[in-house]
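Undergrad: This is the structure I have questions about; it appears just below.
The values are calculated or read from the model by the stated rules, or taken from the named source; none is laboratory data. What you see is a predicted model, and the numbers here were worked out from it, not measured in a lab. Quick reminder, even Gly has a Cβ in these numbers, built from the backbone with ideal geometry, and neighbours come from all protein chains shown. The accessibility values were calculated without ligands, DNA or RNA, using every heavy atom of the protein model including side chains. Shrake-Rupley method; radii C 1.70, N 1.55, O 1.52, S 1.80 Å.
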Amino acid sequence: MQAEYILRGQVLSFAGTPFEGDSPEAAAKLHEAVAIGGGKVLELGTWDGLRKAHPAAELVDHGDRLILAGFVDAHVHFPQTAIIASWGKRLIDWLNSYTFPEEMRFGDRAYADEIAGRYLDLTRANGTTTMCSYCTIHPESVDAFFTAAQARGQRVVAGKTCMDRNAPDGLRDTAQSAHDDSAALIGRWHGVDRLSYAITPRFSPTSTAEQLEAMGALWADHPDCLMQTHLSEQTDEIAWVKSLFPEARDYLDTYEKFGLLGARGLYGHAIHLEDRERARLREVGAALVHCPTSNTFIGSGLFDMAGLMAEGQRIGLATDTGGGSSFSMLRTMAAAYEVGQLRGTPLHAAQLLWLATQGSARALHMGDQIGNIAPGMEADLVVLDLASTPAIAQRSAGAKDLWEAVFATIMMGDDRAVAEVWINGARD
């Protein structure tokens, strides 16, 4: 196939995992240019070589800017867009004070459409091309999100949040309606264009045993779907779970006994895990999603990235909008670095970029489609200006190598660093 576009810059791809071996940067490879066409990455190579191979392609010269896969955000709540950065609550109070009142509004399709579009515009401006989102209990919220993403050509995952207790009257469904509504949404959206469905019980405290059982049965009927929920985010939450499920061995057991533990499961936060939980999650190949800005913003704790990676866990990175305090995966990477420092295990820039792209894509079981620049991968790309502000420019000018320059943008960058975004091979 002849390329439609050739992009020149510092094109970053991953040939391995930077959490293995002695040198994280060895997992990354740099190329002069990338050729894309038909929504896919066609070739990596030299600028002159690709121009000769694809003489009809449009040339896009980004100089020394960094070109990498679009960011993949593995755990978000798009309905919380309008309440991001709300002050001063821990998890349970935060849900009752801010989240639930806002989510009540999403039975209004017009409002759901407005926030879905706003969320996708804000995240695209920050270089995020794929995310996995919770919606609300309202099927309209799922329809709104998928419709907006479909119009933008994005690869996204989402699901109707299911809750039948410990939530306001207007935000509770039932075990049966949660099953039936979710099944209908799967039939309507899952596998259409670049859209995928995630079965979504919010977390054990807001679902009865009957609802968790219904969600487990639905997942068994649709094993190609992802399943997303929350796990061991705060210590008082864990105590609450134990009071609600006194027979459970631990928090994870409240999912496991109902068929909600599996390789395609996504477990957000996972900070305060017990040894049995860590072993079972690793055994089944489930994904843990690190949400560092959220974990510090609402005082949840410090994720054990080094220990969990050393165990061989599958780990993604996420903003957790709006408990997380930023739409930016750059800010999220910076927070992950800071959490690592507090645990005595700081992350290298290559590890941070991998988590925000390939790591999160693997968590979503999409690592062969998105999250890297390689032939055959979908052409979701972000172009980063490594001198986007005077403060960053003066630091990157003195950098010894690319990694020092990239690290300055990770730590100090925002949407101004995002020079260009490509989604499905189209320049935004």
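Undergrad: Got a number for residues in region 277-297 being open to solvent by 20 Å² or more (accessible area, probe 1.4 Å) and aliphatic (A, V, I, L, M)?
TA: The total comes to 2.
Undergrad: Looking at A387, A379, A417, A405, which is the one that is among the small types (G, A, S), modelled with pLDDT of 95 or more and open to solvent by 40 Å² or more (accessible area, probe 1.4 Å)?
TA: Result of the check over A387, A379, A417, A405: A387.
Undergrad: Can you name every one of the helices (runs of 4 or more DSSP H) wholly within region 298-364 that holds 2 or more residues which are of a type in the set (D, E, K, R) and open to solvent by 10 Å² or more (accessible area, probe 1.4 Å)?
TA: So the answer is 329-342.
Undergrad: Of the residues in region 1-46, how many are modelled with pLDDT of 95 or more, under 20 Å from W422 (Cβ atoms) and either open to solvent by less than 30 Å² (accessible area, probe 1.4 Å) or not polar (S, T, N, Q) (or both)?
TA: 29
Undergrad: Within region 91-122, track down each residue that is of a type in the set (D, E), open to solvent by 10 Å² or more (accessible area, probe 1.4 Å) and in a helix (DSSP H, G or I).
TA: Scanning region 91-122 gives D93, E102, D113, E114, D121.
Undergrad: For the condition in contact with a helix residue (DSSP H, G or I) (Cβ under 9 Å, 6 or more places away or on another chain), among the small types (G, A, S) and open to solvent by 40 Å² or more (accessible area, probe 1.4 Å), what is the one hit in A148, A125?
TA: Only one candidate passes the filter, namely A125.
Undergrad: Name the residue, out of H230, H179, H222, that is closer than 22 Å to D73 by Cβ and either in contact with a strand residue (DSSP E or B) (Cβ under 9 Å, 6 or more places away or on another chain) or without any contact (Cβ under 8 Å) to a residue 40 or more places away in the chain (or both).
TA: Within the list H230, H179, H222, the selection yields H230.
Undergrad: Only one of these is hydroxyl-bearing (S, T, Y), in contact with an Asp or Glu (Cβ under 8 Å, 6 or more places away or on another chain), more than 17 Å from S328 (Cα to Cα) and modelled with pLDDT of 95 or more: T130, T136. Name it.
TA: T136
Undergrad: Starting from residues that are of a type in the set (A, V, I, L, M, F, W, C) and free of Cβ contacts under 8 Å to residues at least 60 places away in the same chain, keep the ones in region 25-44 and report whichever is nearest to E404 (Cα to Cα).
TA: A26
Undergrad: If you don't mind, another one. What are the residues in region 268-296 that are touching a residue at least 60 places away in the same chain (Cβ under 8 Å) and part of a helix (DSSP H, G or I), if any?
TA: Within region 268-296, just N295 meets the criteria.
Undergrad: In addition: Are any residues in region 216-236 out of contact with any Phe, Trp or Tyr (no Cβ under 7 Å at 6 or more places or on another chain), within 21 Å of G191 (Cα to Cα) and either of a type in the set (D, E) or in a helix (DSSP H, G or I) (or both), and if so, which ones?
TA: Residues satisfying the conditions are A217, L218, W219, A220, D221, D224.
Undergrad: Something else now. Would you be able to say whether some residue in region 65-82 is assigned to a strand (DSSP E or B), out of contact with any helix residue (DSSP H, G or I) (no Cβ under 9 Å at 6 or more places or on another chain) and open to solvent by 10 Å² or more (accessible area, probe 1.4 Å)?
TA: yes
Undergrad: With the requirement that a residue be at positive phi and surrounded by 17 or more Cβ atoms within 10 Å (Cβ to Cβ), what does region 160-202 give you?
TA: Scanning region 160-202 gives a single hit, N166.
Undergrad: Of the conditions (1) of a type in the set (S, T, Y); (2) within 20 Å of H290 (Cβ to Cβ); (3) open to solvent by 20 Å² or more (accessible area, probe 1.4 Å), S243 fails just one. Which one is it?
TA: For S243, the failing item is (2).
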